[in-house]
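S.K.: Take this structure first; my questions come after.
The values are calculated or read from the model by the stated rules, or taken from the named source; none is laboratory data. As the structure is a prediction and not an experimental result, all values here were calculated from the model. All Cβ positions, even for glycine, are placed from backbone atoms using ideal geometry, and neighbour counts span all protein chains on display. When the accessible area is computed, the model is the full protein with side chains, heavy atoms only, and any ligands, DNA or RNA have been set aside. Shrake-Rupley method; radii C 1.70, N 1.55, O 1.52, S 1.80 Å.
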Amino acid sequence: MGQPQQPDQAEAEEAGAPGPGTGAGTWPAGLAGGAGRPPLRVGMVGYAFMGAAHSQGWRTAGRVFDLPLTPVLAAVCGRDRDAVRAMADRHGWATTETDWRALVTRDDIDLVDICTPGDSHAEIALAALAAGKHVLCEKPLANTVEEAEAMTAAAEEAHARGQVAMVGFNYRRVPATALARRMVAEGRLGTLRHVRVTYLQDWLVDPEFPLTWRLRKETAGSGALGDLGAHIVDLAQYLAGEPVVGVSALTETFVRERPLPAGASSGLASAGGSDARGAVTVDDAALFTGRFASGAIASFEATRFATGRKNALCIELNGERGSLAFDLERLNELSYHDHTEPGAHAGFRRILVTESDHPYLDAWWPPGHGLGYEHTFVHQARDLVHAVAAGERPAPSFADGLQVQRVLAAVEESAEKNSVYTPTAV
């Protein structure tokens, strides 16, 4: 989820042509790997909301976790030279580029981190993989299934050369959701029956909010569906441990025309609108039911029009032996019901997910000292560094991102066909 540098341009870095090059560059003192560990030199494309979040992850992971490689913030790229230099200074990037093609072919870059809107994901990822780089790509993986298929095929070919590619579904890295996945895998819920998940925001309620890139299909691919729905589809499949195989959907655009941005905009914020107006070409909300491969059923809701809701992602799983529930706005907690207990004292109980034997938490604070949103990106960087060092496919892989993309495409197809049940492509 990157942000545009200018309101009237798609977030694709321009100029130059990609070419080969993966050699090891020479780094000044302080930019090599720490404690004798080799460096993993990261080049990031895009530098606003997601760029800042990813910077936090790369900057912090090696200071908290014992990593086999030391992440180095080697270069950040954006078209606005002054703005990207200011971002680099603020977040600790050593150098800057204004041409992503130059960045992906630099000999002193090992991994390319893509934090741009979806319309440029495929082009940058394919060029980076062809240049021999590891790749981290923000969600959703692409704007179309066809792009996601090409990216996944390229990632498989690159894996044979020792490269890895991961898609950034950071909510898998909340310790509570990772614990939930562990509990499901251990059979705590037994046979899964229901999954219900919502992701509610309200930042588009004002009809005068400007027409930023997130509201244009050519740059965003879709609206709430791709922005929020991608997260909840991935999280539901991750926790359930199985894919969604079909959906029945509704989508709606409540405000169909908005002011064009008058100045710089970031997708989630804007300096204001002009007198000119343009058409909103994406959905404002998506509502769909689904079926998992096992026969379990699910419901999904994603909207940016839920007045009063800021970042309300909630998921509940019901099985024959128990239930789990998670609320992102209480992200250090997990609710668990053990249905095998006697009814006289059974019920949901609160698990405070801050113990050292909970996922990721052996490296953080004493029990009871909670983490926050930014820590999911630290954990993401930690897991990717380990995958790079081991030469193993990271999770979620590009193939996982492709599966999510196929579900999103089935949602759009179902909505266009008056909610007819639509199987997910295989």
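S.K.: Got a number for residues in region 283-335 being open to solvent by 20 Å² or more (accessible area, probe 1.4 Å), closer than 19 Å to VAL411 by Cα and charged (D, E, K, R)?
M.R.: 2
S.K.: With respect to the numbered conditions (1) of a type outside the set (Val, Ile, Thr); (2) surrounded by 17 or more Cβ atoms within 10 Å (Cβ to Cβ); (3) outside any helix (DSSP H, G or I), which one is the sole condition not fulfilled by GLY401?
M.R.: (3)
S.K.: Please work out if VAL245 is surrounded by fewer than 21 Cβ atoms within 10 Å (Cβ to Cβ), assigned to a loop (DSSP other than H, G, I, E, B) and among the β-branched types (Val, Ile, Thr).
M.R.: The answer is no for VAL245.
S.K.: Does ALA344 satisfy being open to solvent by 40 Å² or more (accessible area, probe 1.4 Å), in a loop (DSSP other than H, G, I, E, B) and among the hydrophobic types (A, V, I, L, M, F, W, C)?
M.R.: For ALA344, the condition - open to solvent by 40 Å² or more (accessible area, probe 1.4 Å), in a loop (DSSP other than H, G, I, E, B) and among the hydrophobic types (A, V, I, L, M, F, W, C) - is met.
S.K.: Quick one: would you say GLY391 is small (Gly, Ala, Ser) and either in contact with a strand residue (DSSP E or B) (Cβ under 9 Å, 6 or more places away or on another chain) or under 16 Å from MET183 (Cα atoms) (or both)?
M.R.: no
S.K.: Against the definition (open to solvent by less than 30 Å² (accessible area, probe 1.4 Å), under 28 Å from VAL164 (Cα atoms), touching a helix residue (DSSP H, G or I) at 6+ places or on another chain (Cβ under 7 Å) and of a type outside the set (A, V, I, L, M)), how does THR376 come out, yes or no?
M.R.: Yes, satisfied.
S.K.: Working only within region 67-98, note down all residues that are out of contact with any helix residue (DSSP H, G or I) (no Cβ under 8 Å at 6 or more places or on another chain), of a type outside the set (Lys, Arg) and open to solvent by 30 Å² or more (accessible area, probe 1.4 Å).
M.R.: ASP80, ASP82, ALA83, ALA86, ASP89
S.K.: Across region 125-147, which residue is least open to solvent (accessible area, probe 1.4 Å) among those that are out of contact with any Phe, Trp or Tyr (no Cβ under 9 Å at 6 or more places or on another chain) and β-branched (Val, Ile, Thr)?
M.R.: For region 125-147, the residue satisfying everything is VAL145.
S.K.: If we scan region 258-280, do we find a residue that is at pLDDT 95 or above and in a loop (DSSP other than H, G, I, E, B)?
M.R.: yes
S.K.: If ASP119 satisfies every condition in (1) open to solvent by 30 Å² or more (accessible area, probe 1.4 Å); (2) more than 17 Å from the chain's Cα centre (by Cα) but one, which is the exception?
M.R.: Of the numbered conditions (1) open to solvent by 30 Å² or more (accessible area, probe 1.4 Å); (2) more than 17 Å from the chain's Cα centre (by Cα), the odd one out for ASP119 is (2).
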